[in-house]
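See structure below.
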Amino acid sequence: MRDVRLNLPFRRSTSTAARVAMVAGVVISVLLPGCEVDSFLDPSVTGRWEKTPTTVPILERIASIEDESVEAVESTEATAEDLIPAPQAYRVGSGDAFKIELYDLIERNTKQDYDRQVDSRGMIELPQLGEVYVAGKTLEGAKAAVEEAMRKLVADPLVSLQLTQQRQQVYHLMGAVEKPGSYFIPSPDFRLLEGLTSAGRFSESIEDVYVIRQIPLSDALGRQSPEKATTPNQDRKSPIDLIDDLTNPVTRPVTPPGSAPTPGVLGSAAREPVIELPDSGSPASFRQPASGGMQPVATPPGGTDSSWVFIDGKWVQVVGSATSGAEAKAKAEDLLTQRIIKIPLKALLAGNMKYNVVLRPGDTVRIPSPPDGLVFMAGQVARQGPINLPTSGRLTLMRAIDSAGGLGQLAIPERVDLTRAVGRNRQAIIRLDLRAINEGTQPDIYLKPDDRINVGTNFWALPLATIRNGFRASYGFGFILDRNFGNDVFGAPPTNRFGE
């Protein structure tokens, strides 16, 4: 019995420890899931905080409120063809200046010198010869044109032409550069990095540089010559016919209407007419009859209209509705399109040669200005008011909230209004979900000048904030002494040397 009494306290302490361990386990099991809870009754706390990484895009434009027409023209990346020099004979254009020497025109064995500039019509005027058309011609072609004009007066004309000013052999710099203007292209291998050195100083924090290139869709327009188009070589198709073959494939051999059928391997058969390329502005359109040769055929006044789209590095013809008469002629006379090449500036300056494209005559290099403007913050944010757009980098919705000091205690991230100007004297308001953007389930948005961000609240935000701030906890040590104004708290009162 004595041993049993000695073991009772030990058993009692063991059962108590087991109960304590059980209670501690229950408490830990309840509290541990709270480590992954975003907040304690605070809906203004946002974030992802997941172990799995994610990638989401950042929107340049909100399609539901913004039209594509207000955005910049669509751009393309640099292609392999943009890196290859394409030497070509210089062709005379408006504004070019000549030094012309004419022999035996006024008097035999004498020379007359003239300085002439090509006018806007492509003409130069010479005494006794009148106006001579030289636009679109090479230097040899312009010389031949002057000689042809002299043959009326001189049996064996002798002409010397020297270009003193080449206005067509230039590129143009514009935008946020120190020295904008037009600059001469000295060689066919003149590249973008060399062209930027002429601009002086510019901001290297700009993301992209744009090369705007005008491309004629007609060979006749590129030549700018009023002469009649000559018949191409029978063994070689023109680029227009190649485009026609690709866009309008013909599965059976064809012959022009009214021509006699030619017997072949499969025998003679009636054949359908060729669908012509709608180019009424060019001197002639070409088609290939069954006999083989390329024959010029006049395009009828009415026909299909077409446009050109740059797809996968190539210009593709898109056939549209028919036009006729003067309207079709006016559209055909403007067979020019433009291509905008988007070049990342940081990669170019770092030495990535795949972006160092060759500059062609007539190219325009645009260096955009750094972003400038204000974004206005309102509602449940820590600091309301305007925010300057950064000169380096871009401002998104999440970064704007961070710049305003974060959300306030009463903020509801699901209630964020974005007000944006979408046209002249027009603005649109759209509701965004900031919580979903922070969680990575919806894309963030690049902000633009004059955007307004208004963070809202709801009915339960204030009660939750009151409950959340009502919890208090205090800890520490205290000492309380109360003797009712007695002077003997720390012992007997002191006495003087006389014992009083």
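The values are calculated or read from the model by the stated rules, or taken from the named source; none is laboratory data. As the structure is a computational prediction, the values presented were derived from the model and not from experiment. All Cβ positions, glycine included, derive from the backbone under ideal geometry; neighbour counts span all protein chains shown.
Structure summary
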quantity	calculated
Residue check for residue 136: touching a helix residue (DSSP H, G or I) at 6+ places or on another chain (Cβ under 6 Å) and of a type outside the set (A, V, I, L, M)	yes
Cβ pairs under 8 Å, 6+ apart, first in the stretch 186-209 and in the same structural domain as residue 81 (by TED's automatic domain parsing), second assigned to a loop (DSSP other than H, G, I, E, B) and polar (S, T, N, Q)	188/88; 191/356; 192/356; 193/356; 203/391; 205/391; 205/392
Residue count, the stretch 135-149 (criterion: under 16 Å from residue 123 (Cβ atoms), among the hydrophobic types (A, V, I, L, M, F, W, C) and in contact (Cβ under 8 Å) with a residue 24 or more places away in the chain)	3
Only listed residue being of a type in the set (S, T, N, Q) and surrounded by fewer than 16 Cβ atoms within 10 Å (Cβ to Cβ), chosen from 380, 338, 409	338
Residue in the stretch 399-415 that is outside the structural domain of residue 212 (by TED's automatic domain parsing) and of a type in the set (Val, Ile, Thr) present	yes
Filtered residue count, the stretch 119-142, keeping only those that are out of contact with any Lys or Arg (no Cβ under 8 Å at 6 or more places or on another chain), β-branched (Val, Ile, Thr) and either at pLDDT below 90 or surrounded by fewer than 16 Cβ atoms within 10 Å (Cβ to Cβ) (or both)	0
Filter result for the condition that a residue is more than 44 Å from the chain's Cα centre (by Cα) and modelled with pLDDT of 90 or more, over 155, 145	145
The stretch 353-379: number of residues that are touching a helix residue (DSSP H, G or I) at 6+ places or on another chain (Cβ under 8 Å) and assigned to a loop (DSSP other than H, G, I, E, B)	3
Residue match in the stretch 435-445 (condition: loosely packed, with under 14 Cβ neighbours inside 10 Å, among the β-branched types (Val, Ile, Thr), farther than 26 Å from residue 385 by Cβ and not assigned by TED's automatic domain parsing to the domain that holds residue 63)	no
Residue match in the stretch 489-500 (condition: surrounded by 13 or more Cβ atoms within 10 Å (Cβ to Cβ) and modelled with pLDDT under 95)	no
When residues of the stretch 423-442 are limited to those that are closer than 17 Å to residue 57 by Cβ, of a type in the set (S, T, N, Q) and part of a loop (DSSP other than H, G, I, E, B), the one nearest to the chain's Cα centre (by Cα)	442
Answer residue from the stretch 43-60, given it is surrounded by 11 or more Cβ atoms within 10 Å (Cβ to Cβ) and of a type in the set (D, E, K, R) and is nearest to residue 467 (Cα to Cα) among those	48
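One line per residue, one yes/no per condition, for (1) within 23 Å of residue 186 (Cα to Cα); (2) outside any loop (DSSP other than H, G, I, E, B); (3) outside the structural domain of residue 185 (by TED's automatic domain parsing):
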site	(1), (2), (3)
101	no, yes, yes
105	no, no, yes
125	no, yes, yes
128	no, no, yes
135	yes, no, yes
144	no, yes, yes
147	no, yes, yes
155	no, no, yes
161	yes, yes, yes
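Every residue, every condition in (1) closer than 30 Å to residue 343 by Cβ; (2) touching a helix residue (DSSP H, G or I) at 6+ places or on another chain (Cβ under 7 Å); (3) modelled with pLDDT of 75 or more; (4) not basic (Lys, Arg), yes or no:
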residue: 21; (1), (2), (3), (4): no, no, yes, yes
residue: 25; (1), (2), (3), (4): no, no, no, yes
residue: 39; (1), (2), (3), (4): no, no, no, yes
residue: 56; (1), (2), (3), (4): yes, no, yes, yes
residue: 61; (1), (2), (3), (4): yes, no, yes, no
residue: 81; (1), (2), (3), (4): yes, no, yes, yes
